[in-house]
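Have a look at the structure below before the remarks.
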Amino acid sequence: MKAIAQANSNIALIKYWGKRESSLNLPAVGSISVTLAGMKTVSQVHFQEDLREDLLILNGKEALPPETTRVSKFLDIVRETTGLSMYAAVKSHNNFPTGAGLASSASAFASLALASSQAAGLKLSSPQLSILARRGSGSAARSLFGGFVEMRAGKNEDGSDSYAFQVQDEKYWDIHLLIAITSEQKKDIGSTTGMNHTARTSPYYRQWVNTSHTDLKEMRRAITDKNFSKLGELAEFSCLKMHAVAMSSYPGLVYWNSATIECMQTIRDLRRQGSEAYFTIDAGPQVKAICLSAKIETVKSALENTRGVLRVISSGLGGNAALLERIDWNTL
Ligand code: DP6
């Protein structure tokens, strides 16, 4: 009753922000992301007779609420589906900073969905696995797949049509991401709280939801046509629109710091000088530059020389989540 799985993190080009239903964690809008190589979570789930509660070791340390509560609630779904009553010992390790807007919940719940369903003997199809991961975190539904991934908002009340699928694999296009870290601090307002607050209080929220279909359609076309300029412009547009709607809530949510804005300027300056790069930003202050592989060095050094940038992580596109036979935790 034990399994190990790994899943890569992902970054949305067309953003998910807002839920149509909370208890099943159903998104109000669809989204399109790229999966990142080398930014992964490895999780081991071991259901055991002798445990009195679920245990969670996160990055080598015993975790506390709210992390443990969130993981236990997730395991309850697996227990309810299988009729299993055992608690589990969970070990989870990220090879990148947690909680600083680098979407650790995406790779965490994707790896947990795969490991826990396998450990419990649940045989799930890809959409069913994505639906399970979505219950942990909306962006996790996308992290099960490599390359370019689309998540459907769906319409069904039971969430049966709200899952992610692969659009193109990681070898399709040599897109590269450079992530400028501008703060290592845990963010104040997590995405779940932030998006619920936005939906409740922003006068622009309806427009955000209504205009999402066009953005998704155009992004699908940009990917099919391998139109990098269009992909980049749409990614910046969706990012700025998401932050604008969050800023327009009451009280307004600002996830950026001054270095975030400096990085946005650096990227637009690069473009003016003929190096094509675009930015996207999630619910945190880190800036993710998108470029083709020929421009990696130029974009990386421009970001490293931007005021307030602590370091830059470089990543190509990554593959599907996978089960592992064994893991040496010391090498992670
Ligand atoms: C800004 O997936 O973290 O990164 O479903 O409430 O866990 P929950 O939210 P989460 O939100 C991700 C928000 C985002 C945009 C995106 O990844 O699409």
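Where a number appears in this text, it was derived from the coordinates with a stated rule and is not lab data. Since this is a predicted model, take the numbers as computed values, not measurements. Please note: Cβ atoms are built from the backbone with ideal geometry, for glycine as well, and neighbour counts cover all protein chains shown.
Its Cα gyration tensor gives the chain an equivalent ellipsoid. The semi-axes, each the square root of 5 times an eigenvalue, are 31, 22, 19 Å from largest down.
Size descriptors for the stretch 175-315, from the alpha-carbon set: Rg then Dmax equal 15.5, 43 Å. Put a dot 7 Å past the Cα of Ser314, heading toward its Cβ, do the same for Asn59, and the two dots end up 2.4 nm apart. Lys-Lys pairs in the stretch 175-315 that are eight or more residues apart or on separate chains and whose Cα atoms lie under 28 Å of each other come to 23.
Close lysine pairs were tallied over the stretch 1-119: pairs 8 or more places apart or on different chains with Cα atoms under 23 Å apart number 12. Here the contact order of the chain, divided by its residue count and restricted to Cα pairs under 8 Å and six or more residues apart, works out to 25 percent. The residues packed around Thr224, meaning those with a beta-carbon under 13 Å from its beta-carbon, carry a net charge of +2 if Lys and Arg are +1 and Asp and Glu are -1.
The packing ranking of peptides 179-188, 32-41, highest mean first, is 32-41, 179-188, where packing means the average number of other beta carbon atoms within 10 angstrom of each residue. Each residue, Ser22 and Phe165, gets one label point 7 Å from its Cα in the Cβ direction; the gap between the two is 3.1 nm.
Among the chymotrypsin sites (Phe, Trp or Tyr not before Pro) within the stretch 233-332, not one is in coil by DSSP while having at most 15 neighbouring Cβ atoms inside 10 Å. Near Leu58, once Lys and Arg are set to +1 and Asp and Glu to -1 for all other residues with Cβ below 12 Å from its Cβ, the sum equals +1. Peptides 57-66, 280-289, ordered by how many other C-beta atoms sit within 10 Å of their residues on average, highest first, read 280-289, 57-66. Annotation note: trypsin sites (Lys or Arg not before Pro) in the stretch 102-160 located in DSSP loop regions with a Cβ neighbour count of at most 15 within 10 Å are Lys123, Lys155. Estimated from the Cβ-Cβ distance and a Förster radius of 45 angstrom, the FRET efficiency linking Arg52 and Arg200 is about 0.75.
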